[in-house]
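Take a look at the structure set out below.
Read-outs throughout are calculated quantities, based only on the coordinates presented, and are distinct from any laboratory measurement. What you see is a predicted model; the values in this text were computed from it and never measured. Every residue, glycine among them, receives a Cβ derived from its backbone with ideal geometry; neighbour counts consider all protein chains shown.
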Amino acid sequence: MAEEFLDIVDEEDKPVGKTTRNDVRKNALLHRVSLIVIVNENGEFFVQKRSTKKDIFPGYWGLGVAETVESGERYEEAGSRGLKEELGISVLRMDLIHSFQFRLNYRSPNHNVNYKVYKVFFNKVLDNQRLVLQEDEIDSAEFIGKEDIKKLITSGDFHPGSSMIFEKYIKMKELE
């Protein structure tokens, strides 16, 4: 398997360099992640329990699908790739462009990310697709309501970036 390279970005999300995924993790370098919020016909949110084999936040619950943007890749391309690889869902990059929700920055001593957040509506009957979980990435997954997500966040077992995104998403929807 070829070594994966990521763009290092500045606070304005402009690429300032390129290095390996391992270097980004080891040095907590600022990079990009595409996160797709997935909502079903019942208004429930898709959450996944990250594999305990993951190098960052292993075993934590996360919102939707988060995909690290590779060097030279666009957020929409990474999101589309993540949906296909992790869940077996085919979504066109163009569909994601039109489902953009907001940007969010997450900063910590160990993990620094510029997120671009999108929303995908999932209806297994209308879309004629079923979720196929990638075992290397996801230990388990389910659709749950926002109150149950709030409980997961309170438990401390929820990815902190996903927590910030969920809270911003709910506030944004309440203002519509």
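Only one of these is farther than 24 Å from Ile56 by Cα and either more than 16 Å from the chain's Cα centre (by Cα) or touching a residue at least 24 places away in the same chain (Cβ under 8 Å) (or both): Lys119, Lys171. Name it.
On the way: Lys119 fails: farther than 24 Å from Ile56 by Cα.
Being farther than 24 Å from Ile56 by Cα and either more than 16 Å from the chain's Cα centre (by Cα) or touching a residue at least 24 places away in the same chain (Cβ under 8 Å) (or both) holds for just one of Lys119, Lys171, which is Lys171.
Does at least one position in the range 92-105 carry a residue that is aliphatic (A, V, I, L, M) and in contact (Cβ under 8 Å) with a residue 60 or more places away in the chain?
Within the range 92-105, the subset aliphatic (A, V, I, L, M) is 92, 94, 96-97, 104.
Then keep just the ones that are in contact (Cβ under 8 Å) with a residue 60 or more places away in the chain; that gives 96, 104.
There is at least one residue in the range 92-105 that is aliphatic (A, V, I, L, M) and in contact (Cβ under 8 Å) with a residue 60 or more places away in the chain.
Write out, first by first residue and then by second, each pair whose Cβ atoms fall under 9 Å of each other, whose residues are 6+ apart or on separate chains, and whose first residue, in the range 63-77, is of a type in the set (Lys, Arg) while the second is part of a strand (DSSP E or B).
Within 9 Å, the pairs are Arg74/Ser34.
Return yes when Glu142 is in contact (Cβ under 8 Å) with a residue 12 or more places away in the chain, assigned to a loop (DSSP other than H, G, I, E, B) and under 21 Å from Lys54 (Cβ atoms) and no when it is not.
Details: in contact (Cβ under 8 Å) with a residue 12 or more places away in the chain: yes; assigned to a loop (DSSP other than H, G, I, E, B): no; under 21 Å from Lys54 (Cβ atoms): yes.
In short, no.
With the checklist (1) buried (at least 16 other Cβ atoms within 10 Å of the Cβ); (2) without any contact (Cβ under 8 Å) to a residue 60 or more places away in the chain; (3) touching a helix residue (DSSP H, G or I) at 6+ places or on another chain (Cβ under 8 Å); (4) not in a loop (DSSP other than H, G, I, E, B) in hand, flag the one item Arg81 doesn't pass.
Against the list (1) buried (at least 16 other Cβ atoms within 10 Å of the Cβ); (2) without any contact (Cβ under 8 Å) to a residue 60 or more places away in the chain; (3) touching a helix residue (DSSP H, G or I) at 6+ places or on another chain (Cβ under 8 Å); (4) not in a loop (DSSP other than H, G, I, E, B), Arg81 comes up short only on (3).
If you take the residues in the range 145-176 that are in contact with a Leu (Cβ under 8 Å, 6 or more places away or on another chain) and hydrophobic (A, V, I, L, M, F, W, C), which one is surrounded by the fewest Cβ atoms within 10 Å (Cβ to Cβ)?
Out of the qualifying residues, it is Met164.
How many residues are assigned to a strand (DSSP E or B) and closer than 13 Å to Val33 by Cβ if we restrict to the range 52-78?
Let us first name the residues in the range 52-78 that are assigned to a strand (DSSP E or B), namely 61-63, 65-68.
Those still in the list that are closer than 13 Å to Val33 by Cβ too: 62-63, 65-68.
Here the count works out to 6.
For the range 39-51, how many residues meet the condition of being part of a strand (DSSP E or B) and of a type in the set (D, E, K, R)?
Step one: of the range 39-51, the residues part of a strand (DSSP E or B) are 39-40, 45-50.
Adding the requirement that they be of a type in the set (D, E, K, R) leaves 49-50.
Total meeting the criteria: 2.
Can you tell me how many residues in the range 7-38 are surrounded by fewer than 18 Cβ atoms within 10 Å (Cβ to Cβ) and assigned to a strand (DSSP E or B)?
Count: 6.
Does the range 47-59 contain any residue that is without any contact (Cβ under 8 Å) to a residue 40 or more places away in the chain and under 21 Å from Ile138 (Cβ atoms)? Talk me through it step by step, then tell me what you get.
Quick first cut of the range 47-59, residues without any contact (Cβ under 8 Å) to a residue 40 or more places away in the chain only: 55, 58.
Adding the requirement that they be under 21 Å from Ile138 (Cβ atoms) leaves 55, 58.
There is at least one residue in the range 47-59 that is without any contact (Cβ under 8 Å) to a residue 40 or more places away in the chain and under 21 Å from Ile138 (Cβ atoms).
Across the range 26-64, which residue is nearest to Phe5 (Cα to Cα) among those that are charged (D, E, K, R) and out of contact with any Lys or Arg (no Cβ under 9 Å at 6 or more places or on another chain)?
Narrowing the range 26-64 to residues charged (D, E, K, R): 26, 32, 41, 44, 49-50, 53-55.
Right, trim to out of contact with any Lys or Arg (no Cβ under 9 Å at 6 or more places or on another chain) and you get 26, 49-50, 53-54.
Working: Lys26: 14, Lys49: 25, Arg50: 22, Lys53: 20, Lys54: 17 Å.
The selected residue is Lys26.
Quick check on my filter: what residues within the range 39-78 are acidic (Asp, Glu) and surrounded by fewer than 21 Cβ atoms within 10 Å (Cβ to Cβ)?
Restricting attention to the range 39-78, the residues satisfying the condition of being acidic (Asp, Glu) are 41, 44, 55, 67, 70, 73, 76-77.
Listed by number, the residues that qualify are Glu41, Glu44, Asp55, Glu70, Glu73, Glu77.
Could you go through the range 115-125 and let me know if any residue there is surrounded by fewer than 15 Cβ atoms within 10 Å (Cβ to Cβ) and assigned to a helix (DSSP H, G or I).
In the first step, residues of the range 115-125 are kept if they are surrounded by fewer than 15 Cβ atoms within 10 Å (Cβ to Cβ); the result is 121, 123-125.
Retained after the next criterion (residues that are assigned to a helix (DSSP H, G or I)): 124-125.
There is at least one residue in the range 115-125 that is surrounded by fewer than 15 Cβ atoms within 10 Å (Cβ to Cβ) and assigned to a helix (DSSP H, G or I).
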